[in-house]
Amino acid sequence: MKEVYPGIFVIEEKGRFSPSDNIYVLAGNDGLIYDAGYGSKKALRYFFKEFKEIQKYYEKQNKKFKITRIISSHGHSDHFSGLTSVSETLGLKIILTEKIAKTIKDKVSFEANFRSDDYEDFLRVRTPLRKIWNLLRRLGMRLFFRGVHGLSYLDHPDEIIDENSVIIINGEQWKIFPSPGHSPEHISLYSEENGILFSGDNVLKMRSTWLGPPESNITDYIETIKKLQNLPKLKLILPAHGEIIDNPKETLSAIMERMNERKRQVLDAIKNHSDRGLSPDDILNLIYPNHKKFTRIIGRDWVVLTLKMLEDNNLIKREIRKNKILFFPIAIN
Ligand SMILES: [Zn+2]
């Protein structure tokens, strides 16, 4: 554990083959835990050990240490699976927004996020072979979430809060607000008094956050980043993975630049091949010609989302030719 700001501690909870999750403890007499992390036994054991360390360290300074609540940033299984165990062991109230509560309620609601449509097929024509592949992919994801994240659903939280609300933590006002983009139900937590933002998975320091179908949406994501840029007195961003961000302005502008650059790359590629059209894979080959497989998988997710956004903005249109989805520019008169 580490004290990243007076009274705010981070526990870096390690997952199996996954990046570590940052779980923040806002210590005080009416404290809160932001984000619930993994649900696997090993991860939870580590969490409770670190939590005790925080308590000891805090009480040594003759300060009252009472954590009363836990909240989740969004409905991904590496961010809510610890809810039940942590709340039962530490006697905390689980507070969630309606949307997050609905997403993590049970298998049916959770998997509805990954349901099949041509968007989820990553803009590939749904041939019989593709249908089998989709089935295997869903099975693989199920195993991954269970085995790696320790997936654990929650059928009802103790309290539902509005996704635009103010909560009092240790006597201070913290604002909760929706921040869709990475996923539709994502929320952030902000204190204007301290200039501190808990950004969940939307803003990370070292790399771009994952944006992919079917849950992510680039238009929403850009709106969220703009919203964060307009937060008054923002000094520090505490993300759900990786290092803390002490230069929020530069980090947020770099994200905006990257989004614009990517949009331009895809649109230019389509305009330059307007005669024959381009499939998502053609675009991927143009933008990431020699990259590693993993980069290409992540890159393809983002290309698909960008195509969807350009299509929604009436800048491109699709045609199906020989079992391939091809994109063409729409001429602006
Ligand atoms: Zn996530």
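Table: residues versus (1) closer than 17 Å to Leu236 by Cα; (2) away from the ligand (no atom under 16 Å from the Cβ).
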site	(1), (2)
Val148	no, no
His156	no, yes
Ile161	no, yes
Asn170	no, yes
Gly181	no, no
Glu193	yes, yes
Lys205	yes, no
Gly212	no, no
Tyr221	no, no
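Taken over region 170-184, the residue count meeting the criterion of being under 16 Å from the mean Cα position of the chain (by Cα) and open to solvent by 10 Å² or more (accessible area, probe 1.4 Å) is 4. Among the residues of region 248-281, those identified as in a helix (DSSP H, G or I), in contact (Cβ under 8 Å) with a residue 40 or more places away in the chain and over 24 Å from the mean Cα position of the chain (by Cα) are Leu267, Ile270, Lys271. The criterion of at least 3 residues that are open to solvent by less than 10 Å² (accessible area, probe 1.4 Å) and within 16 Å of the ligand (Cβ to nearest atom) is met by the following strands (runs of 3 or more DSSP E) wholly inside region 14-107: 21-26. Within region 143-162, not a single residue is closer than 30 Å to Glu88 by Cα, touching a Pro at 6+ places or on another chain (Cβ under 7 Å) and surrounded by 15 or more Cβ atoms within 10 Å (Cβ to Cβ).
The values are calculated or read from the model by the stated rules, or taken from the named source; none is laboratory data. Owing to the predicted nature of the structure, the values given are computational and were not obtained by experimental measurement. Cβ sites come from the backbone with ideal geometry, for glycine too, and all protein chains shown count toward neighbours. Heavy atoms of the whole protein, side chains included, go into the accessibility calculation; ligands, DNA and RNA do not. Shrake-Rupley method; radii C 1.70, N 1.55, O 1.52, S 1.80 Å.
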